[in-house]
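Worksheet: the structure to be examined is printed underneath.
Computed from the coordinates by the stated procedures, all read-outs in this text should not be read as laboratory data. Only a predicted model underlies this, so the values are computations on that prediction, with no experimental measurement involved. Because the Cβ atoms are built from the backbone with ideal geometry, glycine has one as well, and the counts that use them run over all protein chains shown.
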Amino acid sequence: MARRAIASVLPDHGTERSIARAIMEATHIPPGPRPMTTITASLTDLAALTCRPLKGAEHLLPAREVERLMGLLPGWSVSEEGRGIRREYRFRQYFETMAFVNAVAWIAHREDHHPDLEVGYSRCLVGLSTHEVGGLSLNDFIVAAKIEALGTLR
């Protein structure tokens with residue numbers, strides 16, 4: 001159902017259809033929960049994890065872990081106050097931007113962890129933070145890794 005939803009946002013021809021197909025393939029998440037762990041050696045390992053509901057400061061990531069995970073996310077930065085991460089993605093055309101936004105929305109829905117999105121004609125600023133814990137949790141990095149997989153399509 002979600003795959004059809006992503007494909008349906010683009011016209012049925014040429015490059016647009018290819019982009020939709022690539023987005024669907026890159027964001028395919030096999031069914032069933034995966035255990036959450038902070039032992040991740042690569043971006044692929046991180047993207048393979050599944051978010052889980054978190055509440056309370058005990059789920060805040062220590063600065064050392066944030067620094068290590070940031071090393072897996074090229075182009076991402078920690079916000080000035082240190083409570084979130086963000087990255088700006090740039091696109092050639094509006095339909096590419098909107099396809100990306102729709103793919104991010106689908107990932108967010110699947111993970112039940114929703115980024116802040118600031119969208120312009122040829123750019124999208126993605127911001128992640130776990131409000132229920134008051135800063136960065138592993139969920140932020142899981143969603144960022146899944147979004148980062150979309151960047152390999154360009």
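Odds and ends about this structure:
- Under 5 Å between amide hydrogens, built in the peptide plane, is the criterion, and for Gln93 it picks out nothing among residues at least 5 positions away or on other chains.
- Residues Val101, Val133, ranked from the fewest to the most other C-beta atoms within 10 Å, line up as Val101, Val133.
- Global form of region 76-154, assessed from the alpha-carbon gyration tensor, a/c cut-off 1.5: prolate
- When peptides 86-93, 44-51 are ranked by their average number of other Cβ atoms within 10 Å per residue, the highest-first order is 44-51, 86-93.
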